[in-house]
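The values are calculated or read from the model by the stated rules, or taken from the named source; none is laboratory data. The model shown is predicted, which means the values in this text are computed figures rather than measured ones. Ideal geometry is used to build each Cβ from the backbone, glycine not excepted, and the neighbour counts take in all protein chains shown.
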Amino acid sequence: MIKSINGKITKDIVNKGSSKRFSEKLSKRAILLLQALSDVISFDDLKQICEPPSLRVHKLKGSMRDFWSITIEKPWCIIFKYNKGEFIEVEIGDYHD
């Protein structure tokens, strides 16, 4: 379950189904991945859904070590924290900046 979202792009995708910064293809892929975050019951379920290597579910390092990332399409990712069945601080962005 998604508990909280951050960032204009993420809020636009969630509320409007698109963002000015994203093509229709990227918006659709982001929506599907956000829906997966919303629907899964456990983190293990998410790992199974995101098993294709192109999604690259992985833990971040350094100052973002509390976050996980799922690749939408490079360089765009959904980053989030996971705590007790909830996805928090969910945000679409390019954390590589």
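In region 1-19, what residues are assigned to a helix (DSSP H, G or I) and either touching a residue at least 24 places away in the same chain (Cβ under 8 Å) or β-branched (Val, Ile, Thr) (or both)? I'd like the intermediate steps shown before the answer.
Here is the first cut: in region 1-19, the ones assigned to a helix (DSSP H, G or I) are 8-16.
Residues satisfying the conditions are Ile9, Thr10, Ile13, Val14.
Filtering region 4-18 down to residues that are exposed (fewer than 14 other Cβ atoms within 10 Å of the Cβ) and either aromatic (Phe, Trp, Tyr) or under 20 Å from Tyr95 (Cβ atoms) (or both), which residue is farthest from the chain's Cα centre (by Cα)?
Lys8
Considering only region 75-95, state which residues are farther than 22 Å from Leu26 by Cα, without any contact (Cβ under 8 Å) to a residue 60 or more places away in the chain and more than 12 Å from the chain's Cα centre (by Cα).
Matches in region 75-95: Asn83, Lys84.
Which ones in region 32-72 are in contact with a helix residue (DSSP H, G or I) (Cβ under 9 Å, 6 or more places away or on another chain), part of a loop (DSSP other than H, G, I, E, B) and closer than 12 Å to Tyr82 by Cβ? Working first, answer last.
Taking region 32-72 and keeping what is in contact with a helix residue (DSSP H, G or I) (Cβ under 9 Å, 6 or more places away or on another chain), we get 33-34, 36-37, 39-40, 45-46, 49-50, 55, 57, 68, 70-72.
Next, from what is left, pick out any that are part of a loop (DSSP other than H, G, I, E, B): 40, 50, 57.
Hits for region 32-72 are Val40, Val57.
Name the single residue that is modelled with the lowest pLDDT among those in region 53-70 being of a type outside the set (S, T, N, Q), within 25 Å of Glu24 (Cβ to Cβ) and surrounded by 11 or more Cβ atoms within 10 Å (Cβ to Cβ).
Just the residues of region 53-70 that are of a type outside the set (S, T, N, Q), to begin with: 53, 55-62, 64-68, 70.
Cutting the leftovers down to within 25 Å of Glu24 (Cβ to Cβ) gives us 53, 55-57, 70.
So of that shortlist, the ones also surrounded by 11 or more Cβ atoms within 10 Å (Cβ to Cβ) come out as 55-57, 70.
Values: Leu55: 71, Arg56: 79, Val57: 85, Ile70: 91.
Only one residue tops the list, namely Leu55.
Kindly list the number of the only condition in (1) touching a Phe, Trp or Tyr at 6+ places or on another chain (Cβ under 6 Å); (2) without any contact (Cβ under 8 Å) to a residue 40 or more places away in the chain that fails for Asp39.
(1)
Residue by residue, here is whether (1) touching a Lys or Arg at 6+ places or on another chain (Cβ under 6 Å); (2) surrounded by fewer than 15 Cβ atoms within 10 Å (Cβ to Cβ); (3) at pLDDT below 85; (4) more than 15 Å from Lys74 (Cα to Cα) holds:
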site: Ile2; (1), (2), (3), (4): no, no, no, yes
site: Lys20; (1), (2), (3), (4): no, yes, no, yes
site: Leu26; (1), (2), (3), (4): no, no, no, no
site: Ala36; (1), (2), (3), (4): no, no, no, yes
site: Ser42; (1), (2), (3), (4): no, yes, yes, yes
site: Asp45; (1), (2), (3), (4): no, yes, yes, yes
site: Glu51; (1), (2), (3), (4): no, yes, yes, yes
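Taking region 71-97 as the search range and keeping residues that are out of contact with any Lys or Arg (no Cβ under 7 Å at 6 or more places or on another chain) and aliphatic (A, V, I, L, M), which one is surrounded by the fewest Cβ atoms within 10 Å (Cβ to Cβ)? Even if it seems obvious, please write down each step before you answer.
Within region 71-97, the first condition is being out of contact with any Lys or Arg (no Cβ under 7 Å at 6 or more places or on another chain), and the residues that meet it are 74-85, 90-97.
If we keep only those that are aliphatic (A, V, I, L, M) as well, we get 78-79, 90, 92.
Numbers: Ile78: 25, Ile79: 21, Val90: 25, Ile92: 29.
Filtering region 71-97 for residues that are out of contact with any Lys or Arg (no Cβ under 7 Å at 6 or more places or on another chain) and aliphatic (A, V, I, L, M), the one surrounded by the fewest Cβ atoms within 10 Å (Cβ to Cβ) comes out as Ile79.
Within region 24-74, which residues are among the basic types (Lys, Arg), within 22 Å of Lys8 (Cα to Cα) and more than 11 Å from the chain's Cα centre (by Cα)?
Start the filter on region 24-74 by keeping residues that are among the basic types (Lys, Arg), which leaves 25, 28-29, 47, 56, 59, 61, 65, 74.
Now restrict to residues that are within 22 Å of Lys8 (Cα to Cα): 25, 28-29, 74.
Correct list: Lys25, Lys28, Lys74.
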